[in-house]
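In what follows, a structure is listed as C-alpha coordinates, so that the remarks can point back to it.
The values are calculated or read from the model by the stated rules, or taken from the named source; none is laboratory data. Since this is a predicted model, take the numbers as computed values, not measurements. A quick note on method: Cβ atoms are made from the backbone with ideal geometry, for glycine too, and the neighbour counts reach across all protein chains shown. The area values use the complete protein model at the heavy-atom level, side chains included, leaving out ligands, DNA and RNA. Shrake-Rupley method; radii C 1.70, N 1.55, O 1.52, S 1.80 Å.
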Amino acid sequence: MKRHVKKILHITIGILLVVLGVLGLVLPLLNGTILLILGAIVISFESSYVEKKLQSLTKKNATLYALYLRLEKFVRKVFKA
(Lines give C-alpha, C1' and ligand atoms only; values in the text may rest on other atoms or scores of the structure.)
Protein backbone atom coordinates (compact mmCIF):
# COMPACT_ATOMS: atom_id res chain seq x y z
CA MET A 1 0.00 0.00 0.00
CA LYS A 2 2.82 2.42 0.88
CA ARG A 3 4.44 1.83 -2.54
CA HIS A 4 1.14 2.61 -4.29
CA VAL A 5 0.77 5.92 -2.44
CA LYS A 6 4.39 6.82 -3.20
CA LYS A 7 3.84 6.10 -6.90
CA ILE A 8 0.74 8.31 -7.03
CA LEU A 9 2.63 11.07 -5.18
CA HIS A 10 5.57 10.93 -7.62
CA ILE A 11 3.31 11.06 -10.67
CA THR A 12 1.16 13.89 -9.24
CA ILE A 13 4.15 16.02 -8.28
CA GLY A 14 5.81 15.28 -11.63
CA ILE A 15 2.75 16.36 -13.61
CA LEU A 16 2.41 19.51 -11.50
CA LEU A 17 6.05 20.41 -12.19
CA VAL A 18 5.62 19.76 -15.92
CA VAL A 19 2.55 22.02 -16.04
CA LEU A 20 4.46 24.73 -14.17
CA GLY A 21 7.36 24.23 -16.59
CA VAL A 22 5.11 24.75 -19.60
CA LEU A 23 3.75 27.90 -17.98
CA GLY A 24 7.33 28.96 -17.27
CA LEU A 25 8.15 28.77 -20.96
CA VAL A 26 5.52 31.45 -21.58
CA LEU A 27 5.71 33.52 -18.39
CA PRO A 28 8.89 35.45 -17.60
CA LEU A 29 8.68 34.78 -13.85
CA LEU A 30 9.32 31.01 -13.93
CA ASN A 31 12.28 29.05 -15.27
CA GLY A 32 10.41 26.60 -17.48
CA THR A 33 13.34 24.41 -18.53
CA ILE A 34 14.35 23.45 -15.00
CA LEU A 35 10.75 22.78 -13.96
CA LEU A 36 10.17 20.60 -17.03
CA ILE A 37 13.30 18.57 -16.32
CA LEU A 38 12.43 18.26 -12.62
CA GLY A 39 8.94 17.06 -13.49
CA ALA A 40 10.29 14.51 -15.94
CA ILE A 41 12.83 13.28 -13.39
CA VAL A 42 10.14 12.78 -10.75
CA ILE A 43 7.93 10.94 -13.25
CA SER A 44 10.92 8.83 -14.33
CA PHE A 45 11.05 7.32 -10.83
CA GLU A 46 7.92 5.39 -11.81
CA SER A 47 8.36 5.06 -15.59
CA SER A 48 11.42 3.48 -17.17
CA TYR A 49 10.23 4.72 -20.59
CA VAL A 50 10.32 8.35 -19.43
CA GLU A 51 13.73 7.79 -17.84
CA LYS A 52 15.21 6.38 -21.07
CA LYS A 53 13.72 9.16 -23.20
CA LEU A 54 14.91 11.84 -20.80
CA GLN A 55 18.46 10.49 -20.84
CA SER A 56 18.55 10.17 -24.63
CA LEU A 57 17.22 13.72 -25.13
CA THR A 58 19.56 15.36 -22.64
CA LYS A 59 22.66 13.52 -23.90
CA LYS A 60 22.40 15.48 -27.15
CA ASN A 61 23.46 18.66 -25.34
CA ALA A 62 26.38 18.53 -22.88
CA THR A 63 25.16 21.47 -20.81
CA LEU A 64 21.63 20.13 -20.56
CA TYR A 65 22.93 16.65 -19.67
CA ALA A 66 25.09 18.09 -16.87
CA LEU A 67 22.06 19.99 -15.57
CA TYR A 68 19.98 16.81 -15.78
CA LEU A 69 22.53 14.82 -13.76
CA ARG A 70 22.74 17.50 -11.04
CA LEU A 71 18.97 17.83 -10.82
CA GLU A 72 18.45 14.06 -10.75
CA LYS A 73 20.91 13.71 -7.87
CA PHE A 74 19.16 16.52 -5.99
CA VAL A 75 15.65 15.13 -6.58
CA ARG A 76 16.65 11.59 -5.59
CA LYS A 77 18.13 13.01 -2.39
CA VAL A 78 14.93 14.94 -1.63
CA PHE A 79 12.61 12.01 -2.41
CA LYS A 80 15.05 9.38 -1.18
CA ALA A 81 14.24 7.29 -4.24
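In this structure, GLU51 and VAL5 have a Cβ-Cβ separation that, at R0 = 22 Å, corresponds to a calculated FRET efficiency of about 0.60. Of all aspartates and glutamates in the structure, those lying under 13 Å Cα to Cα from LYS7, and not within fewer than 8 positions of it along the same chain, are GLU46.
Taking the C-alpha atoms only, the angle from helix 62-79 to the longest principal axis of the chain is near 30 degrees.
Starting from the Cα gyration tensor of the chain, take the square roots of the eigenvalues, sort them a ≥ b ≥ c, and report rounded, prolate or oblate (rounded when a/c is under 1.5, otherwise prolate if a/b is larger than b/c, else oblate). Oblate shape, in that a/c is at least 1.5 and b/c is the bigger or equal ratio. For the chain, the fraction of 1.4 Å probe accessible surface lying on carbon and sulfur atoms is 70 percent. Excluding same-chain neighbours fewer than eight residues apart, the lysines reachable from LYS60 by a Cα-Cα span under 20 Å are LYS52, LYS73. Only the Cβ atoms of Lys and Arg (+1) and of Asp and Glu (-1) were treated as charged; on that basis the dipole of the chain about its Cα centre amounts to roughly 380 debye.
Based on protein heavy atoms only, the chain ends up with 71 Å² per residue of surface accessible to a 1.4 Å probe.
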